[in-house]
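Heads up, the thing below is written out as structure tokens.
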Amino acid sequence: MRSFCGERKIIEDLAEGRKTLWELLASYHWSLRDFIRTVNRLYEEGVIGSDGRYIYLQRSYRRKGTFGSARCPRCLGRAVLPAGYGRIRRKFERLLAGRPKPEIKFFQGYMRPDDVFARIAIMHSYDDVEDRSIILVGDDDLVSLALALTQLPRRITVLDVDERLGDFIGRVSRQEGLEVEFIAHDVRDPLPAELRRKFDVFVTDPLETVSGLRAFLARAACALKPYGSAGYFGLTTLEASFGKWLWLQRFLAQMNLAITDAIREHSSYPTKDYGIGFPYEEEILKRLKFKYDLPPNVDWYKSTFFRVVAVGRVKPPACSRRISLRVHDSDDVTWPGGERTVS
């Protein structure tokens, strides 16, 4: 299907001047698959050109009027900024030295430290940090350590399949006198009974297939106290189509979780800094109809930060059942291994 909205967005961005592929992608509001299809079509139709580093318009484009839009230069659209976190943010950044590199087999990628504290600021503004029990279902961002440094939560528990993270979190916690509980856990498996209905708040960044969203959010919801609890999670449009977003809204409603906030582009992921030859960019470039060589010059992978709140009693599904997990679907063009299901 031809994306006229996507075409207009790219053309209007280029009307301001030439841009890199990554700069265009960083401001794109639709899926990565749609972006690649649209850029290729505009190139084949002679609307845009490329010298291998920059993309530019082949013919002049006149905008209607002089109106534009701009993000707040202070908060960058995140609405709530951290206040008073300077000392612990600097300490957090020092503690990140030696963190495990992202592993493609675990579908990992961590956000910038500033965005970690921007998340905590949103949570704190809703009174979801101080004296709260918080469970993190997956934590390659190490939000648990940042939360622990605030000394505000009553309990912090991390569930993650990657035991390297557990070793790192445990080592840093002992070194700094922090209290963070780590439990090695695969979201396909039922949530341990002793963790069910015990937490005020969950935080997770789910795998963005339908089964991945179901598994991560169902396990997180199983951990919530039945009443008055809340949850936070990240979701992209690059790897999750709006059809998937619509499915997600219905799934949350079935669990009696209502969306209170959805802050676009709240978190950015510095893929250029991972230092492991992560295949995201390579897979994108292989699908272009023109030669392009410039590595990422901006953080192009961004996610929307959601907050949900329990309305009445939380009704999580499948707390006692194993969940089959598809780790890749047609929305995802950055995973090099093709579609795969893990039972």
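Derivation of every value follows stated rules applied to the coordinates shown; laboratory data play no part. None of these values were measured; they are calculated from a predicted model. As a convention, Cβ positions derive from the backbone with ideal geometry for all residues, glycine included, and neighbour counts pool all protein chains shown.
Things to note:
- Distance (nanometres) between label positions extended 7 Å along Cα→Cβ at Ser330 and Asn40: 1.5 nm
- Chymotrypsin sites (Phe, Trp or Tyr not before Pro) within the stretch 163-241, DSSP loop, no more than 14 other Cβ atoms inside 10 Å: Tyr227
- Neighbour cut-off at most 10 other Cβ (10 Å), DSSP loop, GluC sites (Glu not before Pro), the stretch 19-120: Glu45
- With 20 Å bins from 0: P(r) over the chain, alpha-carbon pairs, percent: 29, 56, 14, 0
- Using alpha-carbon coordinates, inclination of helix 4-15 to the longest axis of the chain, degrees: 70 degrees
- Relative contact order of the chain, taken over Cα pairs closer than 8 Å and 6 or more residues apart, is 20 percent.
- Translational diffusion of the stretch 135-218 was estimated from the Stokes-Einstein equation, with Rh taken as the Kirkwood radius over Cα pairs; at 25 °C and 0.890 mPa s the coefficient is 185 µm²/s.
- When only Cα pairs below 8 angstrom with a gap of at least 6 residues are kept, the stretch 34-124 shows a relative contact order of 22 percent.
- Extension gain for Tyr54-Phe242 works out to 64.8 nm (0.36 nm per residue, less the C-alpha to C-alpha distance).
- Looking at the stretch 37-134, the trypsin sites (Lys or Arg not before Pro) that sit in a DSSP loop and have at most 13 other Cβ atoms within 10 Å of their own Cβ are Arg53, Arg59, Arg62, Arg63, Lys64, Arg71, Arg74.
- Cα gyration tensor shape for the stretch 79-209, rounded if a/c is under 1.5, else prolate or oblate: rounded
- Cα-Cα over 32 Å, subset of Lys225/Lys272; Lys91/Lys291; Lys272/Lys315; Lys91/Lys272; Lys105/Lys291; Lys105/Lys286: Lys225/Lys272; Lys91/Lys291; Lys272/Lys315
- Environment charge at Ile323 (Cβ cut-off 13 Å; Lys +1, Arg +1, Asp -1, Glu -1): +4
- Label positions at Lys315 and Gln254, each projected 7 Å from the Cα along the C-beta direction, are separated by 1.0 nm.
- About its Cα centre, the chain has a charge dipole of approximately 700 debye under the convention of +1 per Lys or Arg Cβ and -1 per Asp or Glu Cβ, with nothing else charged.
- Relative contact order (%) - the stretch 4-57, alpha-carbon pairs under 8 angstrom, separation at least six: 46 percent
- Estimated distance in nm for a label pair at Arg154 and Ser125, the labels positioned 7 Å out from Cα along Cα-to-Cβ: 2.5 nm
- With Cα atoms, 0 to 90° folded angle of helix 210-223 axis to the chain main axis: 30 degrees
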